[in-house]
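Beneath this line is the structure, given in structure tokens, with notes to follow.
Here, each number is a calculation from the coordinates, and none is a lab measurement. Predicted, not measured: the structure shown is a model, and the values here were computed from it. Using ideal geometry, Cβ is built from the backbone for each residue, glycine included, and neighbour counts are taken over all protein chains shown.
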């Protein structure tokens, strides 16, 4: 995965993905005594950055592929489903049965076939392998795929321009981290073009596999598979491709509590007027409650949140 | 108020106001069977388009002015307060005591002095005149001011570029309308640069003074002063400056029910991941429930909404 691959992916994304705004709010800055910028990927098509990687991968497929398959708790699935539909390809998304209802419904609405499995008992990979073999589908991995990482890196290229326009030359760039595709893509783009901006992956407490891996120098797994409301970024372990990139270019990682992610969601509602899901608010939470630098950029990675949880979050924290 | 004044205002706004994105969502388009675009002015600094007009007016003041005063139910006041603070000017905002708490709190947080009055009993204008005279403040009207209209017109200039980029040459442009400053500014900009885009002011049922005025050819007043949740756009009658502009360049007007504005808020939450206040969702509601054209652009004018009302809206309509 090279900076040139990110530039090529960005060129393929042009006119298909949205250039998301870099937001800030004077009253939020005043309340926290620092400059806080938010790259609002919740405003991306399908409601998360995942559409970028999906489009990048689908648009780079060799001719003759008839369809694609992806595993996803929701956002990657929505991204792949829309990218596949717009390329005229069949699409199967394998989702855990306990994924947020809104994400399952949206994947179907984008025209994909949804296959549900039980996280506790089913062998997801065997299910996917069988479907790929039977139907001739191409697997699009959520983060350990160079074209997916390159697509996510287009966030970083936009950030280079937007930071320069805002006069930001030195900043911590906090990124919500599951498998590390978004963090690795952005870190590669920034190292090439804006070395004063350094990426820190951000994770929920108890699911800080990337932070522990960066600290120890070895890929570490999480002990639990569920138990946080940040469903979008609960991955078992850092990616094989993403970890070496982040080890070279990013860190240390930051971790936040679920309640801090919810406080960040409420502050984003009040001050930025954007809707964030818990997993998409982890980087903003880290910017507000962990980071101690004078200028921080948080990537708000997604906004697909069931209304009941959003209402509960506003009731407690807004 | 000329197209050149809008260009000049846009030049003064550059680097101070945000270029807001033009959003759309494939699933929203599919649900309503048409192309729907939303210019997200809720993402503007202070959470509404009003910052543009305020900055335009404050930055055009003659030297020697020591401070400014504005009447506002909230969004104009926030815009003027921030623009004044950034110009180093004193600022007094006269607000109805029943304005949303979040708006009163924000005006104060931007550093302005808030003077509250009772809508039913107090003479607001006499209060303002006295304060202006006593303290040497300059009144910034919410819509009947050429520089304010010119600032709001910068939304239209951005829209010209964004519509062209999206390949839109013919569309209805629906604009939330109180006194008509935003509608008049956008209509002037579009008539000059994109004549295939026509403005339609949008209002709540019972407060459709602009729609009735455009239909009759005479300025008509509303009979009630309160009674809609769309607090941001409840003005007594069309502006003296804005009405002739809109009579020449815009209409007919559209009206929607409060419940339709709330349905639009819920759909904006789900599909666009933005926070809209009721008065800021009226144009989107008209786009969804009134307009019958194949391609519509709604200006989502603001997003300052008390969390309790937003929660109630999601509970009923999301």
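With 10 angstrom as the radius, rank B:39, B:7 by how many other C-beta atoms surround their C-beta, starting from the fewest.
Values: B:39 26, B:7 16.
The most exposed by this proxy come first: B:7, B:39.
By how many degrees, 0 to 90 and rounded to 10, does the Cα axis of helix A:258-267 deviate from the longest principal axis of chain A?
Approximately 70 degrees, to the nearest ten.
Could you work out the mean count of beta carbons from other protein chains within 10 Å of each residue's beta carbon in A:34-40? Provide the component values of the computation, followed by the final result.
Details: counts 0, 0, 0, 0, 0, 0, 5.
Mean shielding by partner chains, rounded to a whole number: 1.
What nm distance separates the two modelled labels at residue B:248 and residue A:312, each placed 7 Å from Cα along Cα→Cβ?
5.6 nm
Looking at chain A as a GNM with Cα springs under 10 Å, which of A:87, A:200, A:138 has the largest mean-square fluctuation?
It is A:87.
Within a 10 angstrom radius of the beta carbon, how do B:158, B:312 rank from fewest other beta carbons to most?
Placing the least packed residue first, the sequence is B:312, B:158.
Beta carbons within 10 angstrom, averaged per residue: use that to sort the peptides B:119-127, B:259-267, B:8-16, highest first.
Going by the mean number of other Cβ atoms within 10 Å, highest first, we get B:259-267, B:8-16, B:119-127.
Using the C-alpha gyration tensor of chain A, what are the square roots of 5 times its eigenvalues, in whole angstrom, with the largest one first? Walk me through the intermediate numbers first.
Working: eigenvalues 163, 94, 69 Å².
In descending order, the three semi-axes are 29, 22, 19 Å.
Could you identify the residue of B sitting closest to the B-A rotation axis by Cβ and state that distance rounded to whole angstrom?
Output: B:311, 2.
Using just the helices of the protein assembly as shown, give the 222 nm mean residue ellipticity in deg cm²/dmol: DSSP H runs with n ≥ 4 each add -39,500 (n - 2.57), and the total is spread over all residues, rounded to 500.
The per-residue figure over the protein assembly as shown is -13500 deg cm²/dmol.
Taking the label point as lying 7 angstrom from Cα along the Cα-to-Cβ axis, what are the distances from residue A:252 to the corresponding position in the remaining copies, in ascending order and in nanometres?
6.7
Over the alpha-carbon set of region A:118-211, work out the extent along each principal axis and list the three values in angstrom, largest first.
Cα extents, longest axis first: 53, 33, 16 Å.
Can you list, shortest first in nanometers, how far residue A:315 lies from the same residue in the other copies, with each label 7 Å from Cα toward Cβ?
Taking the point 7 Å beyond Cα along Cα→Cβ, the inter-copy spacings are 0.7 nm.
With a/c under 1.5 counting as rounded, go ahead and sort region B:51-139 into rounded, prolate or oblate using the C-alpha gyration tensor (a ≥ b ≥ c being the square roots of the eigenvalues; past the cut-off, prolate if a/b is larger than b/c, else oblate).
Values: a/c = 2.08, a/b = 1.28, b/c = 1.63.
Judged from the Cα gyration tensor, region B:51-139 comes out oblate (a/c at least 1.5, b/c at or above a/b).
For the protein assembly as shown, what proportion of DSSP beta bridges, expressed in % and rounded to the nearest 5, is antiparallel?
10 percent
Kirkwood hydrodynamic radius, computed over distinct alpha-carbon pairs, for the protein assembly as shown: how many Å, to one decimal?
It works out to 24.9 Å.
With labels modelled as points extended 7 Å from the Cα through the Cβ direction, what inter-label distance (nm, one decimal) is found for residue A:170 paired with residue B:98?
Between residue A:170 and residue B:98, the simple spin-label model gives 5.3 nm.
Sorted from shortest, what are the nm distances separating the label point of residue A:195 from equivalent points in the other copies, each placed 7 Å from Cα along Cα to C-beta?
5.5
Taking the beta-carbon count within 10 Å as an exposure proxy, list A:72, B:213 from fewest neighbours to most.
Lowest count first: B:213, A:72.
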